[in-house]
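To start, the structure under review is shown below, and the notes come after it.
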Amino acid sequence: MSQVLARLRDPFTGSIVVLGLLAAVGFVAIALGYRGLAATDDLSIELAFVVSGGIGGIGLLAFAAGLLVIQVRRREEARERAEIHRLLGAATDLLAVSRR
């Protein structure tokens, strides 16, 4: 249980949960837009459902996907920086030992 709470406190995990919820809202908007579109034969009303549900939902999905890509890249770059820092520390220690 404590591991689950520790993971939920991680900002990356929190952002992934929020982006997942945002993507789910996008899917719901698309579904509701389609439902409204299928329920009517009036073109002016159908257009409103396409714009609000379809395009809005696709926009939310694209926004969530874009932010997800950014978050994953940031996390990977942070891991790479930590690894480089660790390697530089090890190289510094090795150089200090070799100079003795």
I'd like to verify a number: residues in the stretch 67-100 that are under 21 Å from Thr13 (Cβ atoms) and among the aliphatic types (A, V, I, L, M), how many? 7
On the given criteria, is Ser44 among the hydroxyl-bearing types (Ser, Thr, Tyr) and farther than 29 Å from Val72 by Cβ? yes
Inside the chain, counting only helices (runs of 4 or more DSSP H) that do not spill past its ends, which hold 3 or more residues that are under 19 Å from the mean Cα position of the chain (by Cα) and without any contact (Cβ under 8 Å) to a residue 12 or more places away in the chain? 2-9, 11-38, 56-98
By residue number, the members of the stretch 14-26 that are surrounded by 13 or more Cβ atoms within 10 Å (Cβ to Cβ) and of a type outside the set (A, V, I, L, M) are Ser15, Gly26
In the stretch 28-47, anything among the hydrophobic types (A, V, I, L, M, F, W, C) and exposed (fewer than 15 other Cβ atoms within 10 Å of the Cβ) is listed as Val28, Ala31, Ala38, Ala39, Leu43, Ile45, Leu47
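Every read-out reported here was derived from the displayed coordinates using simple, explicitly stated rules and does not represent laboratory data. The shown structure was predicted, so the numbers you read here are calculated from the model rather than taken from an experiment. Methodologically, a virtual Cβ is constructed for each residue, glycine included, from the backbone with ideal geometry; neighbour enumeration extends over all protein chains shown.
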